[in-house]
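Visitor: Could you have a look at this structure, given as structure tokens, before my questions?
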Amino acid sequence: MATVKAAILGFGTVGQGIYRIVNERKEQLAARTGAPIEIAAILVRNLERPRPDTPGVLVTDRFEDILAIPDLDVVFEAIVGEEPAGTYLEQAIAAGCHVVTANKVMYAKAGASLEAFARESGTGVGYEATVAGGVPVIKTIQNLNLANSITGIQGILNGTSNFILTKMRKEECSFADALKEAQELGYAEADPTNDVSGFDAFCKLMILSGLAFGEQPDWEHVPMDGIDKLTLDEVIDADRQGLRYRHIADVRRGEDGEILASVGPVLIGPDHPLYGVDGVDNAVAIETAYAGTLTVTGPGAGMYPTASVMVEDAAVLLKQPFRKLVTD
Ligand code: NDP
Ligand code: HSE
């Protein structure tokens, strides 16, 4: 049985989760995809940082070393920010690799062109982990949008924000303490600005818009706010009145056909479908023409939920008959 060779870009929370799952599920993956997966190399930024042992795996800070691996099949991308991640994935596709990413900041901008390039190149792109962590919202939408159509999407898309709002409400915890715990648990980004300012949920919403409607709204025209301006008193006062703040991202096609979107904290009552979604959980309500509203809920961040959907994406790509073209 031939071995599938994979590389992991980034070895923080998500990258380490991929490494663990691929090794913990070696036999299962081999049986279900037809070939064992071997992590051949890992890319990091700082080689001096202490890390878990990865015997027999090349650990490098040079992307050229990754591309030089003979017969590399899959590149998992779990680094941070738009660049160099976008360029790395473009180069990996050009080298004939399937790519799987968790990087929503990169994918909100570069996703459409990466997918088109992969199609031309006979490889595939997996991006389930870019939106709502372990919740399979991308595959759900892909499976709903052929005969059916999507009219609107509303969701809690940032696990850190929901975790913080829940801690503030239930435990009267300060914003700073709740954020610190979200960082320790691996939910928040190393720089949590995007989590609490709303930009992380905004990027996820743009990815969902592209998938559901084939286009994104003009980014400049989308009102965006985070939870960073809410005070503990406001959260507690709302709770006493039976209301809850949720950080909600919403996108829909307006009557004249334009895409309307918004991202920000909203005060909701017990009748709202997102009222009961607590902690790091995300929930996405997908409004459809024929099937009513379908809601998927689950862990929106964290090592295993996120890494598991990435390994799942890779397994799906490996099972498909691709025409693999390597450009010289
Ligand atoms: P971490 O900060 O824990 O890890 C990031 C890793 O990427 C580190 O190993 C870092 O290297 C490496 N890295 C960063 N920049 C570069 C670069 N330019 N070249 C090479 N390596 C680089 O992040 P996470 O694992 O939490 O997140 C990774 C990605 O997944 C992000 O895009 C994030 O938004 C996304 N994501 C995260 C989720 C989560 O629950 N944590 C959930 C869903 C998506 P070094 O250690 O040497 O600094
Ligand atoms: N920091 C992100 C969150 C990770 O809290 O939702 C998942 O994309």
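The values are calculated or read from the model by the stated rules, or taken from the named source; none is laboratory data. This is a predicted model, so every value here is computed, not measured. Cβ atoms come from the backbone with ideal geometry, glycine included; neighbour counts cover every protein chain shown. Calculation scope for accessible area: heavy atoms of the full protein, side chains included, ligands and nucleic acids excluded. Shrake-Rupley method; radii C 1.70, N 1.55, O 1.52, S 1.80 Å.
Visitor: Roughly what would the spin-label model give for ASP53 and SER174, points 7 Å off Cα along C-beta, in nm?
Guide: Using points 7 Å along Cα→Cβ, the separation is 4.1 nm.
Visitor: Give the shape of segment 15-69 as rounded, prolate or oblate, defined through the alpha-carbon gyration tensor: a ≥ b ≥ c are the square roots of its eigenvalues, a/c under 1.5 means rounded, and otherwise the shape is prolate if a/b is larger than b/c and oblate if not.
Guide: Details: a/c = 3.06, a/b = 1.69, b/c = 1.81.
Judged from the Cα gyration tensor, segment 15-69 comes out oblate (a/c at least 1.5, b/c at or above a/b).
Visitor: To the nearest 500 deg cm²/dmol, what mean residue ellipticity at 222 nm is calculated for the chain from DSSP H runs of n ≥ 4 alone, each contributing -39,500 (n - 2.57), summed and divided by the residues?
Guide: Values: 12 runs with 128 residues, N = 328.
Result for the chain, helices only: -11500 deg cm²/dmol.
Visitor: Moving to a separate point now. Could you state, as a whole-number percent, how many of the C-alpha pairs of the chain are farther apart than 30 Å? Write down the numbers at each step before the final one.
Guide: Working: 18896 of 53628 pairs.
Here the tail beyond 30 Å accounts for 35 percent of pairs.
Visitor: Please report the accessible area of GLU27 (heavy atoms, 1.4 Å probe, ligands and nucleic acids excluded) in Å², nearest 10.
Guide: We get 140 Å² for GLU27.
Visitor: With both bridge residues required to lie in the chain, what share of the DSSP beta bridges run antiparallel, to the nearest 5%?
Guide: That works out to approximately 55 percent antiparallel.
Visitor: Of all the stretches in the chain, which is the longest one without any exposed loop site, taking trypsin sites (Lys or Arg not before Pro) in a DSSP loop (any state but H, G, I, E, B) with at most 16 other Cβ atoms within 10 Å?
Guide: Working: sites that count: ARG25, ARG45, ARG62, LYS229, ARG323, LYS324.
In the chain, the maximal stretch lacking such sites is 63-228.
Visitor: Pick out which of PRO273, PRO52, PRO223 has the largest mean-square fluctuation in a Gaussian network model of the chain, springs linking Cα atoms closer than 10 Å.
Guide: Of PRO273, PRO52, PRO223, the most mobile in the Gaussian network model is PRO52.
Visitor: Between segment 247-261 and segment 19-61, what is the C-alpha centre distance in whole Å?
Guide: Here the two parts' Cα centres lie 41 Å apart.
Visitor: Assign one of three labels to segment 82-185, namely rounded, prolate or oblate, based on the Cα gyration tensor with a ≥ b ≥ c the square roots of its eigenvalues; rounded applies when a/c is under 1.5, prolate when it is not and a/b is larger than b/c, and oblate otherwise.
Guide: Numbers: a/c = 3.46, a/b = 1.68, b/c = 2.06.
Oblate.
Visitor: For the chain, what does the relative contact order come out to in percent, with C-alpha contacts under 8 Å and a separation of six or more? Intermediate values should be presented prior to the final figure.
Guide: Details: 670 pairs, mean separation 75.8, N = 328.
The value is 23 percent.
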